1. Within segment 223-235, does at least one residue satisfy the condition of being assigned to a helix (DSSP H, G or I) and open to solvent by 10 Å² or more (accessible area, probe 1.4 Å)?
2. Which one of these is surrounded by fewer than 24 Cβ atoms within 10 Å (Cβ to Cβ) and in contact with a helix residue (DSSP H, G or I) (Cβ under 9 Å, 6 or more places away or on another chain): 201, 208, 173?
3. May I ask you to verify whether residue 253 is farther than 23 Å from residue 285 by Cα, under 16 Å from the mean Cα position of the chain (by Cα) and open to solvent by 10 Å² or more (accessible area, probe 1.4 Å)?
4. Filter segment 76-95 down to the residues that are among the polar types (S, T, N, Q) and buried (at least 17 other Cβ atoms within 10 Å of the Cβ) and list them by number.
5. Quick one: in segment 52-67, of everything that is closer than 12 Å to residue 239 by Cα and part of a loop (DSSP other than H, G, I, E, B), which residue is farthest from the chain's Cα centre (by Cα)?
6. Considering segment 112-141 alone, what residues qualify as being over 21 Å from residue 38 (Cβ atoms), open to solvent by less than 10 Å² (accessible area, probe 1.4 Å) and free of Cβ contacts under 8 Å to residues at least 60 places away in the same chain?
7. Could you go through segment 222-237 and let me know if any residue there is acidic (Asp, Glu) and over 16 Å from residue 142 (Cβ atoms).
8. Against the condition under 16 Å from the mean Cα position of the chain (by Cα) and either open to solvent by less than 10 Å² (accessible area, probe 1.4 Å) or aromatic (Phe, Trp, Tyr) (or both), how does residue 242 come out, does it pass?
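The values are calculated or read from the model by the stated rules, or taken from the named source; none is laboratory data. Everything quoted here is computed from the prediction, not taken from an experiment. Heads up, the Cβs are rebuilt from the backbone with ideal geometry, glycines too, and the neighbour counts pull from every protein chain shown. Ligands, DNA and RNA are stripped out before the accessible areas are found, and what is left, the full protein with its side chains, is counted by its heavy atoms. Shrake-Rupley method; radii C 1.70, N 1.55, O 1.52, S 1.80 Å.
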Amino acid sequence: MSISLKVLFPKQSLIRHFVTNNWKGDAGKYEKIFAPGKVSKERTVPERIPKPQYYYGNMPPGSTLGTPEIKNTDQIKAMRLSGQLAAKILQECGSLAIVGKSTDEIDAYAHELIIKSNAYPSPLRYAGFPKSICTSINNVACHGIPDDRQLIDGDIINIDVTVYLNGYHGDCSETFLVGNVDEKGRYLVEATRSCLDMCISLCGPGVSFNKIGQFIQQYCEEKKLESIVAFIGHGIGSYFHGPPEIYHYHNTIGGKMRPGMTFTIEPILTLGESDVALLEDGWTAISLDGARSAQFEHTILITDTGAEILTKVHT
């Protein structure tokens, strides 16, 4: 689950843009999201489940500024467990990305699996988020709230799963194809998947954080895509969001990777322009030009020799 970097456009600007824009960035066949659907009531979490502090009272998102934490052996073991659980839940949810299934049903399924695993669904109540996962369809860039909208043939949907297990968060997401997705949509999804894989391959001790954003910008230029720059990757551990900040565009911000650091990389690439706005729910970020976007995310650990993907399913 990414964190917002920039102030987004107000709803009034969004409405004006919908009236005048000709959607020229993405001429594919898909249904655009203009408004949130009906959101069901909050799902319960049993008392036996350990909960993060923000469950008990409204708190702002965690700060991503400061010095990244270097985790010890015990912390890394805990991060591996939370990451593996998040990855498994995500793959289970992906099996429900089918025509006729509502995103609320996917959320209910994820919530049940997480609770059965004696874990907590990290997004729930984080800065007021009302659901257990994020589901972002077509022109929704990220932070879509699961609701009663049923998936239809040709949708692409990003499912973002974060779990809190034994005091540590594991965070990952993937964009899934629903039914028969058009050529542009398939191209976007595969290009974004490859982008994340290549970003991870760059990581290792002594590597500058800004190499990630520099690569993404070059990659987007080659693939004729844009990176949605308003959202960034982040440090993660006993906290949901913390330093370092991982920018998904060209930058010269300092800082180098060191063994023991854990953080997410989560580029959002679009067929259109990078500007986004929030719907009235205060969370759902949609593209101003109506173009589709795709996102993939992993939590990684910097090791002595490179990077380990903590949210990769081990078969």
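1. Here is the first cut: in segment 223-235, the ones assigned to a helix (DSSP H, G or I) are 223.
Subsequent filtering for residues that are open to solvent by 10 Å² or more (accessible area, probe 1.4 Å) retains 223.
Within segment 223-235 (the criterion being assigned to a helix (DSSP H, G or I) and open to solvent by 10 Å² or more (accessible area, probe 1.4 Å)), the answer is yes, since at least one residue qualifies.
2. Working: 201 fails: in contact with a helix residue (DSSP H, G or I) (Cβ under 9 Å, 6 or more places away or on another chain); 173 fails: surrounded by fewer than 24 Cβ atoms within 10 Å (Cβ to Cβ).
208 is the lone residue from the list that is surrounded by fewer than 24 Cβ atoms within 10 Å (Cβ to Cβ) and in contact with a helix residue (DSSP H, G or I) (Cβ under 9 Å, 6 or more places away or on another chain).
3. Working: farther than 23 Å from residue 285 by Cα: yes; under 16 Å from the mean Cα position of the chain (by Cα): no; open to solvent by 10 Å² or more (accessible area, probe 1.4 Å): yes.
No: the conditions fail for residue 253.
4. The first filter runs over segment 76-95 and keeps only residues among the polar types (S, T, N, Q), leaving 82, 84, 91, 95.
The answer is 82, 84.
5. Just the residues of segment 52-67 that are closer than 12 Å to residue 239 by Cα, to begin with: 52-54, 61-64.
Adding the requirement that they be part of a loop (DSSP other than H, G, I, E, B) leaves 52, 61-64.
Values: 52: 19, 61: 15, 62: 16, 63: 17, 64: 16 Å.
By that ranking, first place goes to 52.
6. 114
7. First, pick out the residues of segment 222-237 that are acidic (Asp, Glu): 222, 226.
From what's left, over 16 Å from residue 142 (Cβ atoms): 222.
The answer is yes; a qualifying residue exists.
8. Values: under 16 Å from the mean Cα position of the chain (by Cα): yes; either open to solvent by less than 10 Å² (accessible area, probe 1.4 Å) or aromatic (Phe, Trp, Tyr) (or both): yes.
Yes: the conditions hold for residue 242.
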